[in-house]
Every structure is written in structure tokens, then in C-alpha cells.
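Everything below concerns the one structure shown next.
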Amino acid sequence: MRIGVLALQGAFLEHEQMLGQLGADCVELRQRSDLRGIDALVLPGGESTVQGKLLRELDMLHPLRASIQDGMPVLATCAGLILLAQEISGGEAPHLGTLPVRVRRNAYGRQLGSFETVAPLKGIGDFRMTFIRAPYVEAAGPGAEVLAEVDGRIVAVRAGHQLALAFHPEMGTDDRVHRAFLDMI
Ligand code: GLN
């Protein structure tokens with residue numbers, strides 16, 4: 001089983017390390033030809049506008065979207081959640097647009113740009129969540145199950161084979177989200 005980790009920009013290395021420690025085989029996705037032969041996908045945090053632009057320039061957006069629509073399991077964190085969302089608040093055009101949610105970017109304001117909290121994550125239990133200029137889910141459409149909320153805002157959803165989190169489970173040592181993702185594949 002090979003997991004493709006989008007490695008155009010952002011915090012991809014931490015995902016690779018965590019998945020590697022769990023025995024998974026990761027490949028870095030930097031160009032279209034890297035997409036061949038992968039069984040699952042990780043979309044890391046970073047800057048979604050930059051990642052979206054690069055995906056378009058490198059002609060990777062359409063093949064990735066098609067793979068996800070065909071059922072490829074995806075773990076998306078932070079900017080990755082924004083890439084997956086069908087709708088981005090404020091009129092920004094969606095990127096992959098496969099996840100039935102509306103997200104709001106940089107949603108916690110300047111003072112709360114980054115913070116940590118512990119909250120229950122469905123199927124896993126209490127989890128330390130690190131938010132970095134994070135988005136949240138304003139509306140989850142049919143088919144998107146809410147897995148976690150912080151201060152009444154949705155921060156984790158699952159829609160079938162797509163698992164998307166506003167926080168960064170790859171930071172720190174708790175690998176339960178990545179284990180759950182491997183179980184999904
Ligand atoms: N603020 C970033 C964006 O809008 C997301 C932040 C992150 O991935 N840590 O794309």
C-alpha cells in the first residue's frame with residue numbers, strides 16, 4: 001500500500017514521518033507522474049491558495065479530483081481541508097471541491113491565530129488539537145459526518161473515504177488519527 005503525500009508546500013514531512021513510523025510506505029507527490037500507483041492521499045497543512053495554484057500549474061488538480069471521486073481515501077489537514085471543500089466562504093473558487101462542506105479560512109482572528117486545545121474526536125476520544133491560522137467548517141452538507149467541534153465550530157468531518165481536520169494531528173506524538181486513517185484504507 002502506497003500513500004501519496006502532497007509535497008508541493010507546507011507541513012508534509014511530519015505526515016510522512018508519522019505514517020512511516022506506523023509502517024506505511026509514503027511517496028511525495030510533486031508532479032503529475034507521481035500520482036501513478038498510489039492507494040491513498042494525504043493533503044497537508046500550509047497555504048491553500050499556494051497549493052491550489054501549484055496543483056493547477058502542474059496539471060495535478062484534475063487527476064487528483066478524479067481519483068478522490070473514484071474513492072481514493074484522503075486524509076486532509078488544515079489547508080488540505082480547504083483544498084477539499086466544495087465551498088469556500090467569501091467567494092473564493094473551490095479547488096478539488098470533493099468534500100460536501102463550506103469552510104471559512106483563517107477563521108479564528110488574529111489574536112487566536114494559533115492555539116491548542118483538547119477536545120473529543122469521534123471514534124478516537126480526547127485529542128490534543130493544534131490550530132495554526134486554521135479554517136473551520138461553517139456548514140456540513142449531507143454525507144459529511146461531524147467528528148469534532150471546538151467552541152461550537154466544526155473542526156473535523158468525515159464523508160465516506162474523505163477525512164478532513166482543521167487542526168494538525170501530525171504535530172506531536174499522538175498518532176491515533178493516522179492509525180484511524182490507515183484502518184480506513
Ligand atoms: N491559513 C491557511 C490557509 O488558508 C491554512 C493554515 C494551515 O494549513 N495551517 O490555507
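The values are calculated or read from the model by the stated rules, or taken from the named source; none is laboratory data. The structure presented is a predicted model; accordingly, all values stated were derived computationally and were not measured. Note: ideal-geometry Cβ built from the backbone for every residue, glycine included; neighbour counts use all protein chains shown. For accessibility, only protein heavy atoms count, side chains too; no ligands or nucleic acids. Shrake-Rupley method; radii C 1.70, N 1.55, O 1.52, S 1.80 Å.
Data overview
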| quantity | calculated |
| --- | --- |
| Label-point gap, in nm, between residue 93 and residue 56 - each point 7 angstrom along Cα→Cβ | 0.4 nm |
| Accessible surface, per residue, of the chain when the full set of protein chains is kept, probe 1.4 Å, Å² | 45 Å² |
| Relative packing of 27-37, 71-81, 52-62, 9-19, which averages over residues the other C-beta atoms within 10 Å, highest first | 71-81, 9-19, 52-62, 27-37 |
| Residue 153-residue 36 pseudo-label distance in nm [points 7 Å out on the Cα-to-Cβ vector] | 4.3 nm |
| Additional length obtainable on full extension of the chain from residue 69 to residue 114, 0.36 nm per residue less Cα span | 13.0 nm |
| For residue 158, solvent-accessible area (1.4 Å; no DNA, RNA or ligand), Å² | 90 Å² |
| The chain - percent relative contact order, Cα under 8 Å, separation 6 or more | 18 percent |
| Positive-end residue of 7, 62, 43, charge dipole of the chain with Cβ unit charges | 62 |
| Over the chain: helical MRE at 222 nm, DSSP H runs n ≥ 4 each giving -39500 (n - 2.57), nearest 500 | -6500 deg cm²/dmol |
| In Å², nearest 10: area of residue 25 left accessible to a 1.4 Å probe | 80 Å² |
| Rg/Rg_ref, region 45-185, where Rg_ref = 2.2 N^0.38 Å and atoms are Cα | 0.98 |
| Cα centroid separation, region 47-68 to region 149-185 (Å) | 21 Å |
| Environment charge at residue 102 (Cβ cut-off 10 Å; Lys +1, Arg +1, Asp -1, Glu -1) | -1 |
